[in-house]
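J.: Handing you a structure now.
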Amino acid sequence: MNESLKVEWEKRLKLCAEGSKLWAEGSKLRAEGDKLWAEGSKLRAEGSKLWAEGDKLRAEGSKLRAEGDKLWAEAIIELHGNITLEWKNWNNKTQTYECHLGTGEVFGQ
């Protein structure tokens, strides 16, 4: 066997062995990445479920608010007839507006 080819063959074997080690390490990292990706997918799915439940509760809350507003408007019409009613001055603490009636009365202060 030619000595110079033998030397080059040994160099090749060393480089291939080092390449194989790096390949295996890369595969481990990819496997860990796959696990994290799957965990992230599970968390995203759980988050989506919670968002959907939150949306459902908010829709129910909106329905109840509308029902309350309807009852309020009907009570005003029954007591005062067809007068103006205006919602003003949002209150972050109570999460409501004041109701200003055409009679000058203000509710929700």
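The numbers here are math on the coordinates, done by the rules we state, and not lab data. Nothing here was measured: the structure is a model prediction, and the numbers come from that model. Glycine also receives a Cβ, built like all others from the backbone with ideal geometry; neighbour counts cover every protein chain displayed.
J.: Looking at the range 71-109, which of its residues are surrounded by 12 or more Cβ atoms within 10 Å (Cβ to Cβ), in contact with a Cys (Cβ under 8 Å, 6 or more places away or on another chain) and not hydrophobic (A, V, I, L, M, F, W, C)?
T.: Answer for the range 71-109, where residues must be surrounded by 12 or more Cβ atoms within 10 Å (Cβ to Cβ), in contact with a Cys (Cβ under 8 Å, 6 or more places away or on another chain) and not hydrophobic (A, V, I, L, M, F, W, C): just G108.
J.: So which of W87, W72 ends up being outside any helix (DSSP H, G or I) and either closer than 30 Å to V106 by Cβ or small (G, A, S) (or both)? It would help to see each step written out before you state the result.
T.: Working: W72 fails: outside any helix (DSSP H, G or I).
Of the residues listed, the single one that is outside any helix (DSSP H, G or I) and either closer than 30 Å to V106 by Cβ or small (G, A, S) (or both) is W87.
J.: Still on this structure: Has the range 41-63 got any residue that is in contact with a Leu (Cβ under 7 Å, 6 or more places away or on another chain), free of Cβ contacts under 8 Å to residues at least 24 places away in the same chain and part of a helix (DSSP H, G or I)?
T.: no
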